[in-house]
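Here is the structure we will look at.
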Amino acid sequence: MATRVTYCRICEAGCGLLAEVEGERLVSLRPDPDHVVSRGFACAKGTRFAALHASAERVSAPLVRRGGRLEPASWEHAIADAASAIARVRREHGPHSVAVYMGNPGAFSFTTPLFTQALVRALGTRNFFTASSLDCNNKFAVSARMLGSPMTHPVPDLDRARFALLIGTNPAVSQSSFVHAPRMIERLTEIERRGGRVVVVDPRRTETARRVGEHLPIVPDTDAAFLLALLHVVFDEGLEDRAALRDHAAGAEPLRALVRRFSPERVEGATGVAPARIRDIARAFAGSGGAFCHVSTGVNHGTFGSIAYAAKLALELCTGNLDRVGGALVPRGAVDIARVAKLLGFDREPRFTSRIGGFSPVMGALPTGILADEILEPGPERVRALIVVAGNPLLSAPDGDRVKRALTSLDALVCLELFVSDTAAHATHVLPCTDFLERDDFPLAFSQMQPVPFAQWTDAVVPPTGERRPEWEIIADLCREARLPLGGNRLTDAVIRGALRAGGPRRLLAPLLVPRFGLRPLRALRAHPHGLTLDESPAGDFLKRRIGTPSGKVELFPSDVWARAPELERTLDAPGGGALRLITKREALGHNSWMHGNPRLTPHAHAAFLSPADAGRLGVADGDWVRLTTATGSIELPAVVDADVSPGVVAVPHGFGHDPESGWRVAVARGGANVNLLAPSGPRGLDPLSGMCQFVGLEVTLERVARARAAE
Ligand SMILES: Nc1nc2c(c(=O)[nH]1)N[C@H]1C(S)=C(S)[C@@H](COP(=O)(O)OP(=O)(O)OC[C@H]3O[C@@H](n4cnc5c(=O)[nH]c(N)nc54)[C@H](O)[C@@H]3O)O[C@H]1N2
Ligand SMILES: Nc1nc2c(c(=O)[nH]1)N[C@H]1C(S)=C(S)[C@@H](COP(=O)(O)OP(=O)(O)OC[C@H]3O[C@@H](n4cnc5c(=O)[nH]c(N)nc54)[C@H](O)[C@@H]3O)O[C@H]1N2
Ligand code: SF4
Ligand SMILES: [Mo]
């Protein structure tokens, strides 16, 4: 038995793992006590990934649809057949008729985003979609304008902060996002131990709020107004950091004028937060000597996520907490991604707009909320073929019924997958991929999101099972077979293929690591298998030297970022009116729509969580079946009456309601419904600036359809 050091790539915490391996077979995974940051922490999803690695539900040979059924095929045949289907659609209907979707797990491999980009450019399609428009596009779009790069995002200085304001995040379950930091709860608890404060703003008293800090319930989808009221108090009471504003801000005056209209008293009706509480938080934030505000998906998924993120950056800058010890830092990290992107021109968005809705791309991708329309709406440039890399849009994207209609109408649907997911159940080709234990890796995408910057290289822990192949190899083969040069021209194709021949994709990574780790970067990193913490430039360096805006200042008031402010203001005058509002909720033992099939992890039964007050009013008892209906659709599922949920709110986890045709037999048997049948798709449901879709704050009616016992 040998022990190999690696790290988990399911969520952003990136916890260190030790793999016990017998010959070439994985026996078990356990937390790595010597990892430089996670220090022996890992969750059940990570350690029990071994069961998914060996699961009988995995696809380990290519599948090709014949006579309506997915049947095993050789790689040679599967690649030739998929490539010819794609090439045919492209030849007959033009480059935009072939679309690509990359899902969340793609970001955890250093090769997958690179090769997916190379594929998109090879196809010459503008129809590239990613999970980011279901997750965080508001952050990308706003940072591009305010900080000069979509890749620059200040991260909480967790271990030195005196005040933490968490909005719309539940790290006790999720480890959060845009912060590559295991042990979040412990580190937040330490803030309190140091005499600091933690405030958790959430419509539900979450697992996080139960374990640390003060809980501040808020009406769903009103965080932007709440944040602007904090800024109102900062300016109104003269709490701003004048030096920070003078030296590092542009556009402070129009911002000051705008937030004047968002007094704590004015936003009280909409947010449900008492003015005294808003004043107290604003004062404490400004006066703590080190504060950060971390907003996450609960805010991103709302109507005004772009304004909310802009307000959070403004709050940090205006109180002198941006780029300050204990506040929000912009680490240089192992690779200065923002700089590399600038050098390669990746941070400049292409100039096209989408056929449906006229959206501009964000990080090169169009909003997934219009994918179904791009497939279904007639026209010469309609999407007729789709390549899905590590994603499950059937369950993760809004308006699941429409997505299903769209996916089942395609001429070709090629899925690079670990499983026959809900999406892959409708594929023409399923191409089996290696999982994270079967590939070399480096946490490239998260290099600049680490409160304690570190670097770690891992070799594959075990060789691929069966015929699984890495995504990069599949993409390179598909492009060769379809006679499309990787990256869109012969030169990039030659460079990439040359590097692959000379030593595989690590040859493409190494040059990025040379500035930090010398001429033999992988050798340097291998000397530190448990990770290597990095020396960092001092706080203040970002604002002085590295900010990417042409003015060299934080742009507090880019007009398109604030374009919806009048609309936001109108919501203050016409608050909700008693309707129930939908919010999100993550499953501890699942990851988005996948991992529910792990026989060694039993997620909770799918349910809608509502407050005792609403349950009483609507005559619903624990376990009753209820029907939830929005303007888009309706689902039925059991109710859980839960005192942690604020009145007026229904919380429903996503990623359930698996397709009966998927290969996830265990997950299908566990039941549940797809909450995204309730969320709107199409241009009107999306934020015009960022293309973010809305999962939070949707008006929903709830009615009982069966008593608990009758349902059993
Ligand atoms: N209602 C609601 N909807 C949401 C959210 C919400 O909070 N509420 N959250 C949104 C968010 S934040 C996100 S990121 C999206 C996620 O959206 P997606 O990324 O589209 O969906 P996932 O469920 O993460 O599906 C990932 C798929 O990749 C496969 N996979 C896993 N690892 C690998 C790998 O290494 N290689 C390959 N090739 N495949 C792999 C899995 O089997 C799975 O089918 O969902 C969004 N949808
Ligand atoms: N176990 C587990 N871990 C995960 C995932 C998973 O599915 N399962 N998914 C991963 C992914 S892809 C991501 S992006 C991250 C996301 O990490 P987080 O952003 O922390 O996601 P959630 O845990 O869903 O927390 C969102 C919180 O927002 C709250 N919320 C909902 N609506 C509102 C609102 O209007 N205002 C406010 N203030 N709060 C609101 C919800 O109640 C919830 O507690 O988690 C990752 N980690
Ligand atoms: S917290 Fe995330 S990275 Fe850590 S073990 Fe769990 S799933 Fe893996
Ligand atoms: Mo996500």
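Every read-out reported here was derived from the displayed coordinates using simple, explicitly stated rules and does not represent laboratory data. Because the structure is predicted, anything quoted here is derived from the model rather than measured. Neighbour counts run over all protein chains shown; Cβ positions are idealised from the backbone, glycine included.
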Next item on the list: May I have the extent of the alpha carbons of segment 420-517 along their three principal axes, as whole Å values ordered from largest to smallest?
Entry: 44, 35, 25
Notebook entry, point to check: On full extension of the chain, what length is gained from GLU265 through THR189, given 0.36 nm per residue of separation minus the C-alpha to C-alpha distance?
Noted result: 24.2 nm
Next item on the list: Report the Stokes-Einstein translational diffusion coefficient (µm² s⁻¹, integer) for segment 134-228, Rh taken as the Kirkwood radius over Cα pairs, at 20 °C with viscosity 1.002 mPa s.
Entry: 150 µm²/s
Margin query: Number of Lys pairs in the chain with C-alpha atoms less than 21 angstrom apart, excluding same-chain neighbours closer than eight positions?
Written below: 10
Notebook entry, point to check: Say each of GLU71 and THR3 gets a label point 7 Å from the Cα, pointing the same way as Cα to Cβ; how far apart are those two points in nm?
Noted result: 4.9 nm
Next item on the list: Please list the non-local residues whose amide H lies under 5 Å from the amide H of MET102, H modeled 1.01 Å from N, same-chain partners needing a gap of 5 or more.
Entry: PHE129, THR130, ALA131, VAL389
Checklist line | Whole-number percent relative contact order across segment 575-706, with pairs defined as alpha carbons under 8 Å at least 6 apart | finding: 36 percent
Checklist line | Mean separation of Cα contacts under 8 Å (6+ apart) over length of the chain, as relative contact order % | finding: 20 percent
Notebook entry, point to check: Per 20 Å bin from zero, what fraction in whole % of the C-alpha pairs of the chain is there, up to the bin with the longest pair?
Noted result: 18, 54, 27, 1
Notebook entry, point to check: Using mean Cβ contacts within 10 Å as the protection proxy, how do 391-399, 641-649, 564-572 order, highest first?
Noted result: 391-399, 641-649, 564-572
Next item on the list: Please report the relative contact order for segment 2-53, taking Cα pairs under 8 Å with a sequence separation of at least 6, and give it as a percent rounded to a whole number.
Entry: 29 percent
Notebook entry, point to check: How large is ³J(HN,Hα) for each residue in segment 350-365, as worked out from phi by the Karplus curve 6.51 cos²θ - 1.76 cosθ + 1.60 (θ = phi - 60°), to whole Hz, x for Gly and Pro?
Noted result: x, 8, 6, 10, 6, 5, 8, x, x, 6, 8, x, 10, 6, x, 10
Margin query: Taking the beta-carbon count within 10 Å as an exposure proxy, list ARG704, ARG351 from fewest neighbours to most.
Written below: ARG351, ARG704
Check: Rounded to the nearest 500 deg cm²/dmol, what is the calculated helix-only ellipticity per residue at 222 nm for the chain, with -39500 (n - 2.57) per DSSP H run of length n ≥ 4?
Finding: -9000 deg cm²/dmol
Next item on the list: Quick one: grab the alpha carbon gyration tensor of segment 321-398, order the square roots of its eigenvalues as a ≥ b ≥ c, and give me rounded if a/c is under 1.5, else prolate or oblate depending on whether a/b is larger than b/c.
Entry: prolate
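Between rounded, prolate and oblate, where does segment 598-638 land on the alpha carbon gyration tensor, with a ≥ b ≥ c its root eigenvalues, rounded for a/c under 1.5, else prolate if a/b exceeds b/c?
Oblate is the answer for segment 598-638, as a/c is 1.5 or above yet b/c matches or exceeds a/b.
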Margin query: What's the ranking of 542-549, 590-597 by average number of surrounding C-beta atoms within 10 Å, highest first?
Written below: 590-597, 542-549
Checklist line | Tail weight of P(r) past 16 Å, computed on alpha-carbon pairs of segment 601-696, percent | finding: 61 percent
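Let me make sure I get this right: for segment 2-53, a, b and c are the square roots of the gyration tensor eigenvalues over alpha carbons, sorted descending. Under 1.5 in a/c it's rounded, otherwise prolate if a/b > b/c, else oblate. Which is it?
oblate
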Check: What is the Rg over Rh value, at two decimals, for segment 386-455, using alpha-carbon atoms and the Kirkwood definition of Rh?
Finding: 1.12
